[in-house]
Amino acid sequence: MAIQIQGTSGTLPEVDGTTYRALRVTMRPTDYALLGLYRISMQSGVMAAGLAAYATIFYARWVASPQLALIWGVSLDGVAGTNTAFTAGTGFHGFQVARAWTVDGSGGNLAVLTGNNQKLRASMGSSLMGTIRCSSTAALSAGTNNTDAQGMGHIWYPINTATGVTYVTQAGFYGSQTLEDGGNPAPIVLAQNEGVTVNAAMPATGTWQFGISMSWSEVNSY
């Protein structure tokens, strides 16, 4: 007995070919309704030497309710030493989720998210993300929150004593930057006063710069 599948508009789906009769589908991003899809890339200035272990260098805090933020991808886009050499050692960057975020952090460069900024299409709604910050020359104050006991992604790399060295070109902490359900097993889902942070620990004496990108959707339910 044949079974028909019908969409909400009354349209029947189509199949490809005559051998396997595979269902024809079109992959699309999550339905954002009146909200939207967003991507941001931020760069630091020259980071001063002496960064504390596991210092926060980037964060995004979600404050809206009942809407949700779906974090699809977070990547370290580059790390380069500048004109002051490091002590030889290891560079480290960690990615964590933060909960119960009651007080915003401070410092660095504050992303401008009003109007059409960071939308993938102008007709989408302006972002409801509360705060996105990136270090300029020093670590950020992360505010008051509870980060998970373990990270969700880490990047390690050796550092030498030369100046002007590019240590990382691009490396992903989590997921992909495609904003498609098929790109990740699942997004990180942020409810009100939750967020994500990127942290760093670097060897002594050296100065450096970095870039970080993040892709996310804002939805009414998920």
Task: Label-point separation, ARG39 to THR137 (7 Å along Cα→Cβ), nm - done: 3.2
Open item on the list: Tell me the volume per residue, in Å³, of the convex hull enclosing the alpha carbons of region 1-67.
Closed with: 273
Task: Relative contact order (percent, whole number), the chain, Cα cutoff 8 Å, 6+ residue spacing - done: 43
TODO: Step through the residues of region 4-18 one at a time and calculate ³J(HN,Hα) from phi using the Karplus curve (6.51 cos²θ - 1.76 cosθ + 1.60, θ = phi - 60°), rounding each to whole Hz and writing x for Gly and Pro.
DONE: 9, 10, 10, x, 5, 8, x, 7, 8, x, 9, 10, 9, x, 10
TODO: Scan around THR131 for amide H atoms under 5 Å from its own, H built in the peptide plane at 1.01 Å from N, and keep only partners 5 or more places away or cross-chain.
DONE: ARG61
- [ ] Would you calculate the separation in nanometres between label points at MET152 and THR166, each defined as 7 Å from the Cα along the Cα-to-beta-carbon direction?
- [x] 2.9
Task: Cα-centred dipole magnitude for the chain, charges only on beta-carbon of K, R (+1) and D, E (-1), debye, nearest 20 - done: 180
TODO: Provide VAL63, VAL112, VAL198 in ascending order of the number of other Cβ atoms located within 10 Å of each residue's Cβ, fewest first.
DONE: VAL112, VAL63, VAL198
Task: Residue order, fewest to most beta carbons within 10 Å, for HIS154, HIS93 - done: HIS154, HIS93
- [ ] State, to one decimal in nm, how far the label point of GLN209 lies from the label point of ALA49, with both points 7 Å from Cα in the Cβ direction.
- [x] 2.0
Open item on the list: Quick check for me: using +1 on Lys/Arg Cβ and -1 on Asp/Glu Cβ, what's the dipole size of region 92-222 about its Cα centre, in debye to the nearest 20?
Closed with: 220
Open item on the list: Taking the Cα centroid of region 198-222 and of region 137-178, what is the distance between the two, rounded to the nearest whole Å?
Closed with: 6
Task: Hull volume in cubic angstrom per residue (convex hull over the Cα atoms of region 31-219) - done: 107
Task: In sequence order, calculated HN-Hα J values of region 94-103 (Karplus, 6.51, -1.76, 1.60; Hz; x Gly/Pro) - done: x, 10, 9, 9, 10, 10, 6, 8, 9, 10
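The numbers here are math on the coordinates, done by the rules we state, and not lab data. Being a predicted model, the structure only gives us computed values, none of them experimental. We place every Cβ from the backbone using ideal geometry, glycine too, and count neighbours over all the protein chains shown.
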